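Colleague: Before anything else, here's the structure in question.
The values are calculated or read from the model by the stated rules, or taken from the named source; none is laboratory data. For clarity, every value in this text was computed on a predicted model and none was experimentally measured. Reconstructed Cβ throughout: ideal geometry from the backbone, glycine too, with neighbour counts over all protein chains shown. Just so you know, the surface numbers come from the protein's heavy atoms only, side chains and all, with ligands and any DNA or RNA stripped out. Shrake-Rupley method; radii C 1.70, N 1.55, O 1.52, S 1.80 Å.
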Amino acid sequence: MTADLYIGEEKVVFGFDIGTTQTAVSYVHLQDSASPHVRLVTKWPGQEDVSGDCKLPTLVRYSEHGQPISYGAVALENASGENGPLAKWFKLHLHPASVKTNAGAALEIPSLPHGVTLKQVYTHWLQYIYAHATSFFREQSLDGPTIWDRVKDRVEIILAIPNGWDLSQQDISPGRHDPKRLMFVSEAEASVHYGLLHTDGDRWLKPGMKFCVLDAGGSTVDTTLYKCAAITPKLELEEVTASDCVQAGSVFVDRDAEKMLRLKLANSKFADDEYIKEMMTVFERKTKRKFDGSPDASVIAFGRARDNDPSVNISKGRIALTSEEVAMTFQNAIFDIGESFQHVLERAKGECESLLLVGGFSESPHLRKVLREKNDQRGMRTISIDDGTKKAAAEGAALWYLRQTVLSAKFDSDDERHKERASDAYVNPDGVKQIGPCFDVWCKKHQIIRAAEPRVFHYSQRWPHTWDIDERLKRPYLVPVYASDEMEAPYFLFDRSGRSTDKHLVQGVRRVCTISADMSALRGSMTLLTGTTGEKYYRVAFSARLYFGQTALSAELCWKENGVEKRTGMQVIPDSFL
């Protein structure tokens, strides 16, 4: 696997996945010329005894006056001792009406605490997980407090949302947000990036291939059919047909389990709400997650040794459920999931080679077994991920962000493309061995870009400390711009002749213009650093802000000096003048 380097301004990016029942947060510390690594927040208050589990319950407990008093596992255990109302499953309040009507039977959504709006609940929850995630970053990162002081004003958040959400559902962030610092990605697309990393995706995903992602969460199940347009230099996916979003998540299994228990215990003293509540707690945490459809009975330990009722299979505080009874709780959800998946396949005329299962509910052995059996009949491969401690969309959101970021190829002796051109590898002044130049995609073929919407690309320049930097900065900084006639951009810019001239561009590539920038004003933002070999070198970081949608390409050079962003124009020289 190629170790890519991040090129750009230092920052921290958080990926949020707020599920109906569980939440997770990922983060990545981006440093110029360093390989990024996505990590997960693995410690949450009230879960100190759960090592490595990144998930926390999506819960907020409020006081009688509408003030938040506890969150997550602490709110569940009610450690504060205050018996205030609990906000749970509040994500369901956001689902569009078109999604709500998909469920076979309406789910009774728990009401919000009196006097508390949905916007307030989301604000409190987002503020809580952000505050704890930043605290975790400072504690777990080497020299964390110093790093945080440096990057705290350069934080970006990626929020994973269901495919069925529109703009009205996206307006859930606290107050007015900066669109450059808060971005949205569909849970399905984020999960694809996670799935590729954890399933040897390069073995089963190829350009041109069509595959489905079934994201089974707590409340919704999203089914999306993608065509893989490209894998390098970054993953590019195209939706083949409209995705399908249905309310058939794991909470519907819980709903039907409670119905089944109330019906089974209707003539028993154990039909009392408190007994049912204890049974459901065990069912949600253990029974539902372990059931695989085998004929063995499932035992729920809910009470004390003196709790007995042989007529309903209760002995010593334990109730035994037959395999058929447990399977019944999955029946409606699995039916709705199957129907939704079939609708997508029919719209795509059956063109699908693989199904990637992601989301917490997809970890159910029973759901996997049923879907795999049906897909085997279709001749379709089923791919699943075995890591119940993680939420795919949280880690995938950060991975998605990295795939949108400009990366430079670090030389990798195991990469066949690099091995073929090993003689072209070179060592930068920072001591890092690299290979190139590689094709850096600014705009895809047939891509529609709004006239007023700039695209920003981050770069940095390095020089040995022995060079006359003032003289170098006086020279124009030239950026040649190329176009490719192919739908998929090539990896390398030039052919294997070893010569970097326009006569040796790879097939289908041509130069269209050159962008010229005056770098002299960047002297004050330059830093003197030490490379991997111990040698000193100068580095200056900057961005190119491009406007494609106007009648002519225009560009600005941007950089930061003492924390203040500065800009200057860049000259675009058409190829005809070169």
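Colleague: For residue 497, all conditions in the list (1) open to solvent by 30 Å² or more (accessible area, probe 1.4 Å); (2) modelled with pLDDT of 80 or more; (3) polar (S, T, N, Q) hold save one; what is the number of the exception?
Modeller: So residue 497 meets the others, but not (2).
Colleague: Just a yes or no: is a residue in the stretch 284-295 modelled with pLDDT under 90, open to solvent by 50 Å² or more (accessible area, probe 1.4 Å) and more than 25 Å from residue 21 (Cβ to Cβ)? Working first, answer last.
Modeller: So the first thing to find is which residues in the stretch 284-295 are modelled with pLDDT under 90, and the list is 285.
So of that shortlist, the ones also open to solvent by 50 Å² or more (accessible area, probe 1.4 Å) come out as 285.
After this cut, where a residue has to be more than 25 Å from residue 21 (Cβ to Cβ) as well, the list is none.
Scanning the stretch 284-295 turns up no residue that is modelled with pLDDT under 90, open to solvent by 50 Å² or more (accessible area, probe 1.4 Å) and more than 25 Å from residue 21 (Cβ to Cβ).
Colleague: Name the residues in the stretch 313-333 that are out of contact with any Lys or Arg (no Cβ under 6 Å at 6 or more places or on another chain) and open to solvent by less than 50 Å² (accessible area, probe 1.4 Å), would you? Give the steps one after another, and end with the answer.
Modeller: Of the stretch 313-333, the ones out of contact with any Lys or Arg (no Cβ under 6 Å at 6 or more places or on another chain) are 313-316, 318-333.
Residues satisfying the conditions are 314, 319, 320, 321, 323, 325, 326, 327, 329, 330, 333.
Colleague: All but one of (1) open to solvent by 60 Å² or more (accessible area, probe 1.4 Å); (2) over 32 Å from the mean Cα position of the chain (by Cα) hold for residue 303; which doesn't?
Modeller: Looking at each condition in turn, residue 303 falls short on (1).
Colleague: Considering the stretch 291-330 alone, what residues qualify as being assigned to a strand (DSSP E or B) and either touching a helix residue (DSSP H, G or I) at 6+ places or on another chain (Cβ under 9 Å) or farther than 14 Å from residue 278 by Cβ (or both)? Before you say what the answer is, go through the steps one by one.
Modeller: In the first step, residues of the stretch 291-330 are kept if they are assigned to a strand (DSSP E or B); the result is 298-301, 309, 314-315, 318-321.
Once the filter is applied, which keeps residues that are assigned to a strand (DSSP E or B) and either touching a helix residue (DSSP H, G or I) at 6+ places or on another chain (Cβ under 9 Å) or farther than 14 Å from residue 278 by Cβ (or both), the stretch 291-330 yields 298, 299, 300, 301, 309, 314, 315, 319, 320, 321.
Colleague: Whether any residue in the stretch 339-349 is at pLDDT 95 or above, open to solvent by 70 Å² or more (accessible area, probe 1.4 Å) and closer than 28 Å to residue 368 by Cα is what I want to check.
Modeller: no
Colleague: Among the residues of the stretch 357-374, write down those that are in a helix (DSSP H, G or I) and either modelled with pLDDT under 95 or open to solvent by 20 Å² or more (accessible area, probe 1.4 Å) (or both). Let's see the steps before the verdict.
Modeller: In the first step, residues of the stretch 357-374 are kept if they are in a helix (DSSP H, G or I); the result is 360-363, 365-374.
Correct list: 360, 361, 362, 363, 365, 366, 368, 369, 370, 372, 373, 374.
Colleague: Identify the residue in the stretch 313-328 that is in contact with a strand residue (DSSP E or B) (Cβ under 7 Å, 6 or more places away or on another chain) and among the aliphatic types (A, V, I, L, M) and, among all such residues, is nearest to residue 291 (Cα to Cα).
Modeller: Here is the first cut: in the stretch 313-328, the residues in contact with a strand residue (DSSP E or B) (Cβ under 7 Å, 6 or more places away or on another chain) are 313, 317-321, 326.
When the remaining residues are screened for being among the aliphatic types (A, V, I, L, M), the result is 319-321, 326.
Values: 319: 15, 320: 13, 321: 11, 326: 8 Å.
This residue is 326.
To keep it simple, each residue is scored yes or no on (1) open to solvent by less than 60 Å² (accessible area, probe 1.4 Å); (2) touching a strand residue (DSSP E or B) at 6+ places or on another chain (Cβ under 9 Å); (3) modelled with pLDDT of 85 or more.
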residue	(1), (2), (3)
503	no, no, no
509	yes, yes, no
514	yes, yes, no
522	yes, yes, yes
526	yes, yes, yes
539	yes, yes, yes
542	yes, yes, yes
550	no, no, no
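Colleague: Then there's this: Since residue 352 meets every condition but one in (1) touching a residue at least 60 places away in the same chain (Cβ under 8 Å); (2) not in a loop (DSSP other than H, G, I, E, B); (3) not β-branched (Val, Ile, Thr), which condition does it not meet?
Modeller: Checking residue 352 against (1) touching a residue at least 60 places away in the same chain (Cβ under 8 Å); (2) not in a loop (DSSP other than H, G, I, E, B); (3) not β-branched (Val, Ile, Thr), the one that fails is (2).
Colleague: For the list (1) modelled with pLDDT of 90 or more; (2) within 24 Å of residue 254 (Cβ to Cβ), I need the number of the one condition that residue 146 fails.
Modeller: Against the list (1) modelled with pLDDT of 90 or more; (2) within 24 Å of residue 254 (Cβ to Cβ), residue 146 comes up short only on (2).
Colleague: Determine whether residue 24 is among the hydrophobic types (A, V, I, L, M, F, W, C) and open to solvent by 20 Å² or more (accessible area, probe 1.4 Å). Break it down into steps so the answer makes sense when it comes.
Modeller: Values: among the hydrophobic types (A, V, I, L, M, F, W, C): yes; open to solvent by 20 Å² or more (accessible area, probe 1.4 Å): no.
So residue 24 fails the test.
Colleague: Among (1) open to solvent by 20 Å² or more (accessible area, probe 1.4 Å); (2) modelled with pLDDT of 80 or more, where does residue 52 come up short?
Modeller: (2)
Colleague: Tell me which residues, restricted to the stretch 185-235, are free of Cβ contacts under 8 Å to residues at least 60 places away in the same chain, open to solvent by 10 Å² or more (accessible area, probe 1.4 Å) and touching a strand residue (DSSP E or B) at 6+ places or on another chain (Cβ under 8 Å).
Modeller: 186, 206, 208, 227
Colleague: Looking only at the stretch 118-136, how many residues end up being of a type outside the set (S, T, N, Q), under 13 Å from residue 44 (Cβ atoms) and surrounded by fewer than 16 Cβ atoms within 10 Å (Cβ to Cβ)?
Modeller: Matching residues across the stretch 118-136 total 1.
Colleague: Quick check on my filter: what residues within the stretch 137-157 are in contact with a strand residue (DSSP E or B) (Cβ under 6 Å, 6 or more places away or on another chain) and either open to solvent by 20 Å² or more (accessible area, probe 1.4 Å) or on the phi > 0 side of the Ramachandran plot (or both)?
Modeller: Across the stretch 137-157, the qualifying residues are 154, 156, 157.
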